[in-house]
Amino acid sequence: DEFGQLSYLEMGQKVEAVAKSLIKNGCRKGHLIPVVTDGGRFETISALAVISAGGAYVHMEANNPKKRLDYLIDQCRAKIVLTHKRHQNLNWPGGLKILAIDEISQESCGDFDGQRRLVDSDDLAYVIHTSGSTGQPKGVMIRHFSALNTILAVNSLVDLSPNDRGLALSRFTFDLSVWDIFGLLGSGGALVIPSVLKRLEPSHWISLLGEHKVTTWNTVPSLMQMLVDYLERRERLSDLSLKNVLLSGDWIPINLPGRVSNLFPEARIFSLGGATEASIWSNYHEVKEVKPEWKSIPYGRPLTNQSFFVLNNYGRDCPDYVPGQLHIGGLGLAKGYLNDPQKTAKSFVRHPQTGEDLYATGDLGCYMADGEIEFLGRRDQQVKINGYRIELGEIESQLLEHSAVNQALVLAAGEEKSNRVLAAFVSLKEGYEHQSKDDLLLWLNSTLPSYMAPQIIVILPKLPLSATGKVDREALKNSLNDFKSQKVIVGAETQMEKTIAQVLSSVLGRDDLSVESRFFEMGLSSLDLVAVQSQLESQIGQSIPLIKLLEHATIRSLGSYLAQNSQSAPSLERGANRALRRQNRRVKPIDQNQGEEREISLSTER
């Protein structure tokens, strides 16, 4: 059973059993152990068990395309894989021992008590993969002392204690999860793990926040925006009392801290930054106020035992307010990239003046007069979408491998830096004019993780060139607007489609919508989808999981789904009447007991 609560004793027993099983099956000090899962408590247990056995964990999504999963496992030179029982029959590479973590128990290990060696502080703790510009992901190798330094610094910064509870919303492939696991549990607190199926549902978060008295929030800004948007449309809940809000991994909208403070007046809000290559975070800024002249939230100052430099092309410190390249130094630096000394040498450099080891982040920033740093964005074609660092070149490389594609270019589209989507522009080879964008999307989904798949694909006769002969990116951005405006408008036919179209028009502020256009092509963002979800539920009196808006991403598809799943749900007319009765209240009551699954909590209490 993946649901319910685990005490520290129960969790320790499970971790010990898995660690013994790993050693029994050949895990030795320094081995890289792939952990292939799709969420839940076993991710936390796996990380603790692998480290206890002397290895380093390497998390991989179970829904990764086979080609990518095989590549990642091969990079680890792995002999053992930890996974769920339900994934044991995947088409695994040969020669692997596949251990089902949910079947391992103290009894299954017997009396085995294999020898283990305690890890050293400079041994690897974990490897996390980031997007690579050449088409292959890069494995960032983090040592124990590096991760521990960041964890202790942030725990001290936010004054974490055994009374704290944290909501684990970040996926295991994202390094915010490292602090969720080792920061919360290392302080004696509890980790509250959402249902796998409802991980992106604000209503589910609210239920967990209240039931488990969650004090600490640690996510990318977009997830906090989703929570704030949801709460602002509903009654304030008195049992929600966040103590710390940690935001990182992407631009923080300038108005978000104020909105958070209105909902959680007692919470301290922290902007954190850094790079996966420097152990989660390297700098912080506590947001106590947002000054009117600010264009962005300050990046901040270095954490304990870490350093930040703004260097010019000659490796010298830039004067205040002069843009330069951001470099990180200190104890947090990674060992380098797995099996890639060339990329390691390119990104991990020496300070030309002091000889200090540095990581060249590829970001731009400047010193401010008070000693803090202002973040100015990237200097290359790397972007962040929902906290994931994405090399646009990796997506372009995969597109160009398709037999029909002649040219490919990928952009991050959207006016707000914190709310962008990926758009791919392609031209086709002669004789492949019949190729559809859906075919190309299927191709990408077979080779890339879902967070890297473009939400918009535009097929052009050829990509426009600038006067210098380079692909004209501004022209492509304009063509994206033309593409949206030139779509053939297919009108709504059923009452359900008309209701959905009405809600979308309200959110987007326009009515030229086609029932066959994808939501992201219309201009909807992931945050807009939460507003659509809320208004639709109110209109039709039917609960709509957010994941269904992503799966059925057109008015026609969503209308068909809702019509088929409305069995005992109220009719549109009854839903409309209910909405009218609620007008004076302005908000929709929250059902604290929604959902068929029980929440997961790793708790100090039985």
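The values are calculated or read from the model by the stated rules, or taken from the named source; none is laboratory data. Bear in mind the structure is a predicted one, so any value in this text is a computation, not a measurement. Please note: Cβ atoms are built from the backbone with ideal geometry, for glycine as well, and neighbour counts cover all protein chains shown. These area figures cover heavy atoms from the full protein model, side chains too; ligands, DNA and RNA do not enter into them. Shrake-Rupley method; radii C 1.70, N 1.55, O 1.52, S 1.80 Å.
Can you pull out the residues in the range 37-96 that are small (Gly, Ala, Ser) and assigned to a strand (DSSP E or B)? Answer for the range 37-96, where residues must be small (Gly, Ala, Ser) and assigned to a strand (DSSP E or B): just Ala56.
For the residues Ile540, Ile555, the requirement of being modelled with pLDDT of 80 or more, open to solvent by less than 20 Å² (accessible area, probe 1.4 Å) and under 24 Å from Ile456 (Cβ atoms) singles out Ile555. A count restricted to the range 41-58 and to residues that are open to solvent by 10 Å² or more (accessible area, probe 1.4 Å) and either touching a Cys at 6+ places or on another chain (Cβ under 6 Å) or closer than 19 Å to Glu103 by Cα (or both) stands at 5.
Going by the conditions given, is Leu409 open to solvent by less than 20 Å² (accessible area, probe 1.4 Å) and at pLDDT 90 or above? Answer is no for this residue. With respect to being under 19 Å from the mean Cα position of the chain (by Cα) and of a type outside the set (Phe, Trp, Tyr), Val154 falls outside the description. Restricting attention to the range 394-406, the residues that are at pLDDT below 80 and either crowded, with 20+ Cβ neighbours inside 10 Å or in a loop (DSSP other than H, G, I, E, B) (or both) add up to 1. Number of residues in the range 277-313 that are among the hydrophobic types (A, V, I, L, M, F, W, C) and either modelled with pLDDT under 90 or more than 17 Å from Gly324 (Cβ to Cβ) (or both) equals 8.
Listed here are the residues, each with its yes/no results for (1) of a type in the set (Gly, Ala, Ser); (2) open to solvent by 20 Å² or more (accessible area, probe 1.4 Å); (3) over 30 Å from Leu48 (Cα atoms).
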{"site": "Lys213", "(1), (2), (3)": "no, yes, no"}
{"site": "Thr219", "(1), (2), (3)": "no, no, no"}
{"site": "Met226", "(1), (2), (3)": "no, no, yes"}
{"site": "Val245", "(1), (2), (3)": "no, no, no"}
{"site": "Ser261", "(1), (2), (3)": "yes, yes, yes"}
{"site": "Pro292", "(1), (2), (3)": "no, yes, yes"}
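Rundown of residues vs (1) touching a helix residue (DSSP H, G or I) at 6+ places or on another chain (Cβ under 8 Å); (2) modelled with pLDDT of 80 or more, yes/no style:
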position	(1), (2)
Ser418	yes, no
Val421	yes, no
Tyr432	no, yes
Pro461	no, yes
Asp472	no, no
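Can you find even one residue in the range 187-198 that is at pLDDT 95 or above, part of a helix (DSSP H, G or I) and either on the phi > 0 side of the Ramachandran plot or surrounded by 22 or more Cβ atoms within 10 Å (Cβ to Cβ) (or both)? No. Selection over the range 131-179 of residues that are part of a strand (DSSP E or B), in contact (Cβ under 8 Å) with a residue 60 or more places away in the chain and open to solvent by less than 10 Å² (accessible area, probe 1.4 Å) gives a count of 3.
Exactly one residue out of Gly12, Gly26 is over 25 Å from the mean Cα position of the chain (by Cα) and assigned to a loop (DSSP other than H, G, I, E, B), and it is Gly26.
Do we find that Tyr388 is under 26 Å from Ile297 (Cα atoms), at pLDDT below 90, of a type in the set (Ser, Thr, Tyr) and surrounded by 15 or more Cβ atoms within 10 Å (Cβ to Cβ) in this structure?
Yes, satisfied.
Would a scan of the range 216-228 turn up a residue that is more than 18 Å from the chain's Cα centre (by Cα) and touching a residue at least 40 places away in the same chain (Cβ under 8 Å)? So far as the range 216-228 goes, no, none of its residues is more than 18 Å from the chain's Cα centre (by Cα) and touching a residue at least 40 places away in the same chain (Cβ under 8 Å). Annotation note: Cβ proximity below 7 Å between a residue of the range 441-461 that is without any contact (Cβ under 8 Å) to a residue 40 or more places away in the chain and open to solvent by 10 Å² or more (accessible area, probe 1.4 Å) and a residue that is part of a loop (DSSP other than H, G, I, E, B) and not hydroxyl-bearing (Ser, Thr, Tyr) (sequence gap 6+ or interchain) occurs for Leu441/Ala453. The single residue among Phe520, Phe483 that is surrounded by 16 or more Cβ atoms within 10 Å (Cβ to Cβ), modelled with pLDDT under 70 and more than 25 Å from the chain's Cα centre (by Cα) turns out to be Phe483.
Taking the numbered list (1) in contact with a Ser or Thr (Cβ under 9 Å, 6 or more places away or on another chain); (2) open to solvent by less than 20 Å² (accessible area, probe 1.4 Å) in turn, Ile206 passes all entries but (1).
Evaluate the range 215-228: report whether one residue or more is of a type in the set (A, V, I, L, M), under 20 Å from Gly183 (Cβ atoms) and touching a Lys or Arg at 6+ places or on another chain (Cβ under 8 Å). The answer is no; no qualifying residue exists. Pairing each residue of the range 3-27 that is over 17 Å from Glu107 (Cβ atoms) with any residue that is open to solvent by 60 Å² or more (accessible area, probe 1.4 Å) and modelled with pLDDT of 90 or more, provided the two are 6+ apart or on different chains, yields C-beta distances under 9 Å for Gly26/Lys79; Gly26/Lys97; Cys27/Lys79.
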